[in-house]
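Chemist: Mind looking over this structure? Questions follow.
The values are calculated or read from the model by the stated rules, or taken from the named source; none is laboratory data. Predicted model only: the values in this text are computed from it and were never measured. Here the Cβ positions follow ideal geometry from the backbone for every residue, glycine too, while neighbour counts run over all protein chains shown. Quick note on the areas: whole protein, heavy atoms, side chains included, nothing else; ligands and nucleic acids left out. Shrake-Rupley method; radii C 1.70, N 1.55, O 1.52, S 1.80 Å.
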Amino acid sequence: MLLTLFAFILALGLLVTFHELGHYWVARRAGVPIVRFSVGFGPVLLRRRDRHGTEWALSAIPLGGYVKMLDEAPPGADEATRRAVFNAQPLIRRVAVVAAGPAANLVLAALIYAFLGLWGAQEPAAVLAAPPAGTPAALSGVRDGDTLTAVAGEPVASWTQARWRLAEPLSLGGAVPLTLRSAGGVVRTETLRLAPQPVTPDGPDPLLAAGLALRAPVPVAGELVPGGAAEQAGLRPGDRILAAGDLEHPSVEAFVQAVQAHAGRPLSLVVLRQGARVSLSVTPRPEAGEGGRTVGRIGVLIQAELPQVLVRLGPLDSLWQGARRTADMSLFSLRMMGRMVVGDVSWKNVTGPVTIAEYAGRTARIGLESYLGFLALISISIGVLNLLPIPMLDGGHLLFYLIEALRGGRPLSERARDLGQRLGLGVVLGLMVLALFNDFSRLFS
């Protein structure tokens, strides 16, 4: 619980601070006086004033932040101050200041993805299991042991990358060319034909529905019981079980079941040892199992080995891939929002602080790489959400500035802006209520 809370506060604090720093940095470059830079809302807990007169504050409610600029010149202000206030700035400067916050979040996401690419990560190899009969993958010709190397012509180095490349085709449907390498090394292209699938957070995994799944982890012999049946049969730690009786490439569960079913009877094994196939025969010893039934035991700790690949990029490639992934994810998010509006995607996908906190804690427990990936994803969400043309958000201000530009530099009337702000506030509050409702529905379901 403490880790989840800490990971959530750290994530939100970092992302909000970066967003507001975007506004602050561009405003300072434009010469706009900054009254306050606050991380959080509500009562100020800590404050410090710098030499420029800006108050840096840490506030009590850590669910956002703000940069308060001097919008209007105070009574009696000199000419330089009247020219420097935000509302007196040329339109292009005001646009730059407002757009800088969301842009900062997108830049941060790109830098995180670039760092992860440069650092490198062990990811599951995209070795596919035999697809269930009748699924799109089975109908397209995907076979057990195929390695997915490209999706629609885009190379994928791992299952993680493959999932990302398949996310949009799975939701929208259509024909997707898959480049596959068989276990024998033969490369071919098959066309995966998909029907559009509903996108719901509690629905089935669309990859599994399409028949695409990783091959089951390989059983690997670990520690042996001295004098046990496995040791006597010649099994060694590190042996990879390729076959057990009639089972080819058994899963860990299938191998254990085969051993248990051969109590007192020989079981032939084929293992991979230092690159060579070795045939063995082991006779599981009968022992009492659950419910009084007799099961076979061979005295070995079986481990699961999932093939991994090291995905690491050079400096330029990592920057390019970071920017590209951020752009792809931003466009994907916008398309999903559009599909929500027309009813093609469930509104249950709208999440709030409870779900974000849950995933912050979950990724933090997995490791730094997962947590950084989570930060990048949330940073993109904040950037994209703030660019939506909804008054009260940065995108709403940009919409007002666009209208001003179309009107030849004449801003909307105070009454029109006030009405827009009220409508925007209603939309934002509605989204917040929906997000919290979805959060607690998942929490108590």
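Chemist: Just to be sure I understand, how many residues within the range 42-88 are of a type in the set (A, V, I, L, M, F, W, C) and either part of a helix (DSSP H, G or I) or at positive phi (or both)?
Modeler: If we filter the range 42-88 for residues that are of a type in the set (A, V, I, L, M, F, W, C), which is where we start, we get 44-46, 56-58, 60-61, 63, 67, 69-70, 73, 77, 80, 84-86, 88.
The next check asks that each one be either part of a helix (DSSP H, G or I) or at positive phi (or both); those that pass are 80, 84, 86, 88.
Matching residues across the range 42-88 total 4.
Chemist: If we scan the range 37-56, do we find a residue that is at pLDDT 85 or above and within 23 Å of Glu404 (Cβ to Cβ)?
Modeler: no
Chemist: Six or more apart or on different chains, Cβ atoms under 9 Å: show the pairs whose first residue is in the range 337-366 and under 15 Å from Phe6 (Cα atoms) and whose second is part of a loop (DSSP other than H, G, I, E, B).
Modeler: Hits for this filter: Thr355/Pro201; Tyr359/Thr351; Gly361/Met1.
This table checks each residue for (1) outside any strand (DSSP E or B); (2) closer than 30 Å to Pro155 by Cα; (3) not hydroxyl-bearing (Ser, Thr, Tyr).
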| position | (1), (2), (3) |
| --- | --- |
| Glu253 | yes, no, yes |
| Val259 | yes, no, yes |
| Ala263 | yes, no, yes |
| Leu301 | no, no, yes |
| Leu316 | yes, yes, yes |
| Ala327 | yes, yes, yes |
| Ser333 | yes, yes, no |
| Val341 | yes, no, yes |
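Chemist: Out of curiosity, is Arg285 open to solvent by 70 Å² or more (accessible area, probe 1.4 Å) and farther than 30 Å from Phe115 by Cβ? Write out each step before concluding.
Modeler: Values: open to solvent by 70 Å² or more (accessible area, probe 1.4 Å): yes; farther than 30 Å from Phe115 by Cβ: yes.
Yes; evaluated as a whole, the condition is true for this residue.
Chemist: Looking at the range 254-268, is at least one residue open to solvent by less than 30 Å² (accessible area, probe 1.4 Å) and either under 35 Å from the mean Cα position of the chain (by Cα) or closer than 30 Å to Tyr359 by Cβ (or both)?
Modeler: yes
Chemist: I've got another one for you. When the residues of the range 341-356 are narrowed to those that are of a type outside the set (Ser, Thr, Tyr) and open to solvent by less than 20 Å² (accessible area, probe 1.4 Å), which ends up modelled with the lowest pLDDT?
Modeler: Initially, the range 341-356 is screened for residues of a type outside the set (Ser, Thr, Tyr), giving 341-345, 347-350, 352-354, 356.
Among the residues that remain, those that are also open to solvent by less than 20 Å² (accessible area, probe 1.4 Å) are: 345, 352.
Numbers: Val345: 73, Gly352: 80.
Among those residues, the one meeting the criterion is Val345.
Chemist: Being over 15 Å from Ala27 (Cα atoms) and either crowded, with 17+ Cβ neighbours inside 10 Å or among the aliphatic types (A, V, I, L, M) (or both) is the filter here; which residues of the range 65-95 pass it?
Modeler: Gly65, Ala73, Ala77, Ala80
Chemist: For Val187, are the conditions met, namely being surrounded by 13 or more Cβ atoms within 10 Å (Cβ to Cβ) and β-branched (Val, Ile, Thr)? Step through it out loud before you land on a result.
Modeler: Working: surrounded by 13 or more Cβ atoms within 10 Å (Cβ to Cβ): no; β-branched (Val, Ile, Thr): yes.
Answer is no for this residue.
Chemist: Could you tell me which residue of the range 167-184 is surrounded by the most Cβ atoms within 10 Å (Cβ to Cβ), considering only residues that are in contact with a strand residue (DSSP E or B) (Cβ under 7 Å, 6 or more places away or on another chain) and more than 17 Å from Glu154 (Cα to Cα)?
Modeler: It comes out as Ser171.
Chemist: On to the next question. Is it the case that the range 317-337 has a residue that's in contact with a helix residue (DSSP H, G or I) (Cβ under 9 Å, 6 or more places away or on another chain), over 30 Å from Leu388 (Cα atoms) and at pLDDT below 90?
Modeler: no
Chemist: Going residue by residue through the range 94-105, is there one that turns out to be farther than 27 Å from Ser381 by Cβ and of a type in the set (D, E, K, R)? It would help to see each step written out before you state the result.
Modeler: As a first pass, look at the range 94-105 and keep what is farther than 27 Å from Ser381 by Cβ: none.
No, the range 94-105 has no match at all.
Chemist: Of all residues in the range 104-151 being of a type in the set (Phe, Trp, Tyr) and open to solvent by 30 Å² or more (accessible area, probe 1.4 Å), which is modelled with the lowest pLDDT?
Modeler: Per the criteria, the residue is Trp119.
Chemist: Follow-up. Checking Glu369 against (1) over 30 Å from Leu111 (Cβ atoms); (2) within 21 Å of the chain's Cα centre (by Cα), which single condition isn't satisfied?
Modeler: Against the list (1) over 30 Å from Leu111 (Cβ atoms); (2) within 21 Å of the chain's Cα centre (by Cα), Glu369 comes up short only on (1).
Chemist: Hey, another quick one. Kindly indicate which of Gly296, Gly338, Gly292 is over 18 Å from Ala221 (Cβ atoms), open to solvent by less than 50 Å² (accessible area, probe 1.4 Å) and among the small types (Gly, Ala, Ser).
Modeler: Numbers: Gly296 fails: over 18 Å from Ala221 (Cβ atoms); Gly292 fails: open to solvent by less than 50 Å² (accessible area, probe 1.4 Å).
Step by step, each of Gly296, Gly338, Gly292 is checked, and only Gly338 is over 18 Å from Ala221 (Cβ atoms), open to solvent by less than 50 Å² (accessible area, probe 1.4 Å) and among the small types (Gly, Ala, Ser).
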